[in-house]
Amino acid sequence: MKKKINLRLLGIAFIAMVITMACMTGIYYQVFVRQVHQDLKTDANILKSTVTFSRDDMTGLSVDIESLRITWIDENGTVLFDSIADEESMENHLDRPEISAALKKGEGKSIRNSDTMNMNTFYYALRLEDGTVLRLATEARSPFNLIISILPTMLVVLVVVVVLCIILADILTRQLIRPIETIADHLEEIREEEVDKELVPFLNTIRAQHENILLAAKSRQDFTANVSHELKTPLTAISGYAELIENHMVGPEQETHFAQEIQKNSTRLLSLINDIINLSELDGEEAVSYEILDLYELAKGSMEALSVNAQKNGVHLHFSGKPVTLRCNRNMMCELLDNLCQNGIRYNHPGGDVWVEVSTNEKGAYLMVKDNGIGIPKEHQERIFERFYRVDKSRSRETGGTGLGLAIVKHIVALHDGTISLQSEDGQGTTIHVQF
Ligand code: ADP
């Protein structure tokens, strides 16, 4: 980043330098041109007032002024006198811009290229009282010559400025970057007053993100520890029972009981692994496919699948509502319905009830699962949606719970842009309302 800022600053300085130098050269040349013409005008006026212009005697015109060419032309363009060339051989000058301008307006100027690229010829023509024209010419630098002559100086200045810019850009970049580096190094302890006011929003955003990352890392760590612990318990039991059978320490009368224990723990292990896979899929980046489905039909299917389980637990299922179409993911919605209805059956008393209702209200489709089971004490209600959080661990395990059901439900609801709310009274029952 430092390198990028440095290079950009350097680039800007370089462009600014080149533009400035080009403009300066242009302006300087303009001033130079004006000055040369001004000098020619002064010389012409001096000549006009000091020399007698007579066609019979041209000696007065043969003044030897260094690098100055004097030409005298009559009103028809015929050259009467020229200080350098033989006037006889000179062509008519009427078409020369400075001559025609002088004949019309009293004076005229022009610049023409010399034979060499380096020099230009500057002309100044002045109309005299008798109508003839006095023209002075001198050779002076062309813009090309000017550029060539100032190029070495320009290059030296350019190098000095570029070196200065490198140093300044480096200092500037350091000054710009330093507060950001300080924030990065002391993100946790730095106070808002200690950073530049412009960086406060940046500090807050970075800090919030940092905290989120730490939280996510912590919850992942906790989750891994919990998963390991949860997997270890049934596996230790299975391995223990198998070892007893292997060492013939189980009598024939206990064999069935041990086989049942192994099966129970294996089932628990499977449910746990299934829930973990479910959760990791929900956490993943993979795009979820949605389709328009009837939530009422889905819930009816879930209830039918759970009826045997409900009967086994002596719990009555009641289903009501009306067909409701919803854009959702079929598997996720079945998982959500299963988890909520299972909980209603699982945390209930024999003879208890579970009511499931699917319908619409002013906000849209909703699902309500209500039971008159054991309820959830107030202090646990906030936390039961956390992974592996259980009010009564042994009851959850005994009934085949994994502690992940509601975490999965919450995730699914969020993916469907819904909200979930819970009402529960210890010993009275629980109502869960999902609004889509
Ligand atoms: P589990 O697999 O243990 O049921 P959940 O995430 O589904 O895990 O639920 C977390 C805990 O919330 C459960 O262990 C239980 O203590 C409590 N809970 C969930 N639903 C109910 C309910 N309908 N009635 C009473 N307690 C419930």
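Output yes when any residue across segment 250-262 is touching a Gly at 6+ places or on another chain (Cβ under 8 Å) and either open to solvent by 50 Å² or more (accessible area, probe 1.4 Å) or under 30 Å from Phe388 (Cα atoms) (or both), and no when none is. No; the residues of segment 250-262 include none that is touching a Gly at 6+ places or on another chain (Cβ under 8 Å) and either open to solvent by 50 Å² or more (accessible area, probe 1.4 Å) or under 30 Å from Phe388 (Cα atoms) (or both). Are any of the residues in segment 325-332 surrounded by 14 or more Cβ atoms within 10 Å (Cβ to Cβ) and either within 16 Å of the ligand (Cβ to nearest atom) or in a helix (DSSP H, G or I) (or both)? Among the residues of segment 325-332, at least one is surrounded by 14 or more Cβ atoms within 10 Å (Cβ to Cβ) and either within 16 Å of the ligand (Cβ to nearest atom) or in a helix (DSSP H, G or I) (or both), which makes the answer yes. Checked against the criterion of being on the phi < 0 side of the Ramachandran plot, in contact with a strand residue (DSSP E or B) (Cβ under 7 Å, 6 or more places away or on another chain) and of a type in the set (Phe, Trp, Tyr), segment 77-85 has at least one qualifying residue. For segment 372-395, filtering for residues that are open to solvent by less than 20 Å² (accessible area, probe 1.4 Å) and free of Cβ contacts under 8 Å to residues at least 40 places away in the same chain leaves 1. Of the residues making up segment 396-426, those that are open to solvent by 50 Å² or more (accessible area, probe 1.4 Å) and under 21 Å from Asn348 (Cβ atoms) are Arg397, Glu398, Thr399, Ser421, Gln423, Glu425, Asp426. Taken over segment 275-312, the residue count meeting the criterion of being open to solvent by 60 Å² or more (accessible area, probe 1.4 Å) and either assigned to a helix (DSSP H, G or I) or closer than 22 Å to Gly351 by Cα (or both) is 11. Would you confirm whether or not segment 375-386 contains a residue that is within 11 Å of the ligand (Cβ to nearest atom), within 18 Å of Ser302 (Cα to Cα) and modelled with pLDDT of 95 or more? Scanning segment 375-386, I find no residue that is within 11 Å of the ligand (Cβ to nearest atom), within 18 Å of Ser302 (Cα to Cα) and modelled with pLDDT of 95 or more, so the answer is no.
Note on segment 394-422: residues that are over 30 Å from Lys232 (Cα atoms), of a type in the set (S, T, N, Q) and within 11 Å of the ligand (Cβ to nearest atom) amount to 0. Candidates are the residues of segment 334-371 that are more than 12 Å from the ligand (Cβ to nearest atom) and polar (S, T, N, Q); the one that is surrounded by the fewest Cβ atoms within 10 Å (Cβ to Cβ) is Asn361. Just one residue in the set Arg96, Arg112 is without any contact (Cβ under 8 Å) to a residue 40 or more places away in the chain, within 30 Å of Thr25 (Cβ to Cβ), surrounded by fewer than 16 Cβ atoms within 10 Å (Cβ to Cβ) and among the charged types (D, E, K, R); that residue is Arg112.
The values are calculated or read from the model by the stated rules, or taken from the named source; none is laboratory data. Please read these numbers as outputs of a predicted model, since none were measured by experiment. Backbone-built Cβ (ideal geometry, glycine too); neighbour counts: all protein chains shown. Surface areas here come from the heavy atoms of the whole protein model, side chains and all, with no ligands, DNA or RNA. Shrake-Rupley method; radii C 1.70, N 1.55, O 1.52, S 1.80 Å.
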